[in-house]
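**Q** First the structure, then my questions, so here it is.
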Amino acid sequence: MSFAADSIQIEPLDAHHDRSSFSCGNVSLDRYIHEQASQDVRRNTARVFVAVMPDRPEHILGFFTLSAATVVAADLPLAMEKRLPRHPIPAALIGRLAVDLAAAGQGLGSVLLADAVKKTKVAAETVAMSVIVVDPIDDGAQGFYAAFGFQSLRGPQRRMFMAIHGGAAKSVQ
Ligand SMILES: CC(C)(COP(=O)(O)OP(=O)(O)OC[C@H]1O[C@@H](n2cnc3c(N)ncnc32)[C@H](O)[C@@H]1OP(=O)(O)O)[C@@H](O)C(=O)NCCC(=O)NCCS
């Protein structure tokens, strides 16, 4: 089975979604959707989007979070830094993204990432943002994002970025 973008629904996390059965194999991401995600939505610190199939609307196959963030221009590549002001640069943060183990390796992670980027680009038409940043949870996740064109920021942190305007990776619409 593979997940085409039109075979799944991506919708805001809601009370009818069963958060407790989600398992991606990463303890902190599982704990996040089980215990913290709804609170983040209520407190307006993250928007949480979940992927479901129409015939099992409560069953979460994957999720991602989007929040506003800033990056320091000096952490971006020199060519970008030169074009940007010294004050914090507005960004969108894909803070967490995960796929249930039962659905892994079938293209859902790519569909979720493409949707997160698309939502960010739409939002950036109304609220100015320069980059999308992601916080890969480990080396594997870093490889996943790198495959879609995200680059590491300069500096010691693991955070990666992609330019919103004109710099989109070929695989992420
Ligand atoms: C990483 C994760 C989101 C990938 O989801 P997925 O549905 O299995 O990914 P896809 O099937 O869409 O794969 C997309 C591409 O990324 C690649 N990929 C997937 N996981 C990867 C990894 N850990 N390292 C490098 N590349 C990876 C796939 O090989 C595939 O490339 P291809 O199209 O050339 O074959 C999923 O494995 C997961 O939830 N892992 C645990 C949580 C996690 O690491 N989240 C990352 C953000 S914090």
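The values are calculated or read from the model by the stated rules, or taken from the named source; none is laboratory data. This structure is a prediction, so every number in the text was calculated from the model and none was measured. A quick note on method: Cβ atoms are made from the backbone with ideal geometry, for glycine too, and the neighbour counts reach across all protein chains shown. Surface areas here come from the heavy atoms of the whole protein model, side chains and all, with no ligands, DNA or RNA. Shrake-Rupley method; radii C 1.70, N 1.55, O 1.52, S 1.80 Å.
**Q** Can you tell me which condition Leu61 does not meet? The list is (1) among the aliphatic types (A, V, I, L, M); (2) over 17 Å from Asp14 (Cα atoms); (3) near the ligand (Cβ under 10 Å from one of its atoms), and all the others hold.
**A** Of (1) among the aliphatic types (A, V, I, L, M); (2) over 17 Å from Asp14 (Cα atoms); (3) near the ligand (Cβ under 10 Å from one of its atoms), only one is false for Leu61: (2).
**Q** On to the next question. Could you say which residue among Leu84, Leu93 is more than 13 Å from the ligand (Cβ to nearest atom) and not small (Gly, Ala, Ser)?
**A** On the way: Leu93 fails: more than 13 Å from the ligand (Cβ to nearest atom).
On inspection, the qualifying residue turns out to be Leu84.
**Q** Let me ask another. Could you list, in sequence order, the residues of segment 123-141 that are within 16 Å of the ligand (Cβ to nearest atom), open to solvent by less than 50 Å² (accessible area, probe 1.4 Å) and assigned to a helix (DSSP H, G or I)? Break it down into steps so the answer makes sense when it comes.
**A** Here is the first cut: in segment 123-141, the ones within 16 Å of the ligand (Cβ to nearest atom) are 132-141.
Retained after the next criterion (residues that are open to solvent by less than 50 Å² (accessible area, probe 1.4 Å)): 132-134, 136, 141.
Selection gives Ala141 alone.
**Q** If we keep just the residues of segment 59-73 that are closer than 15 Å to Ala103 by Cβ and not in a strand (DSSP E or B), which is least open to solvent (accessible area, probe 1.4 Å)? I'd like the intermediate steps shown before the answer.
**A** Initial filter on segment 59-73 (closer than 15 Å to Ala103 by Cβ): 59-64.
Within this subset, residues satisfying the condition of being not in a strand (DSSP E or B) are 60-61.
Details: Ile60: 2, Leu61: 20 Å².
Checking each candidate, the answer is Ile60.
**Q** Given the structure, is Ala4 open to solvent by 20 Å² or more (accessible area, probe 1.4 Å), part of a helix (DSSP H, G or I) and in contact (Cβ under 8 Å) with a residue 24 or more places away in the chain? Full working, then the answer.
**A** Numbers: open to solvent by 20 Å² or more (accessible area, probe 1.4 Å): yes; part of a helix (DSSP H, G or I): no; in contact (Cβ under 8 Å) with a residue 24 or more places away in the chain: yes.
It is false that Ala4 is open to solvent by 20 Å² or more (accessible area, probe 1.4 Å), part of a helix (DSSP H, G or I) and in contact (Cβ under 8 Å) with a residue 24 or more places away in the chain.
**Q** Next question, about the same structure. Looking at the structure I just gave you, is Thr120 modelled with pLDDT of 95 or more, assigned to a loop (DSSP other than H, G, I, E, B) and of a type in the set (S, T, N, Q)?
**A** The answer is no for Thr120.
**Q** Further question on the same structure: Sort through Asp100, Asp30 and tell me the only one that's among the acidic types (Asp, Glu), farther than 19 Å from Ala128 by Cα and in contact with a Leu (Cβ under 7 Å, 6 or more places away or on another chain).
**A** Details: Asp30 fails: in contact with a Leu (Cβ under 7 Å, 6 or more places away or on another chain).
The conditions single out Asp100.
**Q** In segment 75-109, which residues are open to solvent by 50 Å² or more (accessible area, probe 1.4 Å) and part of a helix (DSSP H, G or I)?
**A** Within segment 75-109, Leu78, Ala79, Glu81, Lys82, Arg83, Leu101, Ala102 qualify.
**Q** Here's another thing I want to ask about it. For segment 145-165, what are the residues that are of a type in the set (A, V, I, L, M, F, W, C), free of Cβ contacts under 8 Å to residues at least 40 places away in the same chain and surrounded by fewer than 19 Cβ atoms within 10 Å (Cβ to Cβ)? Let's see the steps before the verdict.
**A** Of the residues in segment 145-165, the ones of a type in the set (A, V, I, L, M, F, W, C) are 146-148, 150, 153, 160-164.
Cutting the leftovers down to free of Cβ contacts under 8 Å to residues at least 40 places away in the same chain gives us 146-148, 150, 160.
Once the filter is applied, which keeps residues that are of a type in the set (A, V, I, L, M, F, W, C), free of Cβ contacts under 8 Å to residues at least 40 places away in the same chain and surrounded by fewer than 19 Cβ atoms within 10 Å (Cβ to Cβ), segment 145-165 yields Ala146, Ala147.
**Q** Related question: Could you please give the count of residues in segment 101-119 that are over 13 Å from the mean Cα position of the chain (by Cα) and more than 6 Å from the ligand (Cβ to nearest atom)?
**A** Keep residues of segment 101-119 that are over 13 Å from the mean Cα position of the chain (by Cα), which gives 101-107.
With the extra rule that they be more than 6 Å from the ligand (Cβ to nearest atom), the set shrinks to 101-103.
The qualifying residues number 3.
**Q** Going residue by residue through segment 28-46, is there one that turns out to be in contact with a helix residue (DSSP H, G or I) (Cβ under 9 Å, 6 or more places away or on another chain), open to solvent by 70 Å² or more (accessible area, probe 1.4 Å) and in contact (Cβ under 8 Å) with a residue 24 or more places away in the chain?
**A** Residues of segment 28-46 in contact with a helix residue (DSSP H, G or I) (Cβ under 9 Å, 6 or more places away or on another chain): 32, 40, 45-46.
Now drop any that are not open to solvent by 70 Å² or more (accessible area, probe 1.4 Å), which leaves 45.
Imposing the further condition that a residue be in contact (Cβ under 8 Å) with a residue 24 or more places away in the chain reduces the set to none.
The answer is no; no qualifying residue exists.
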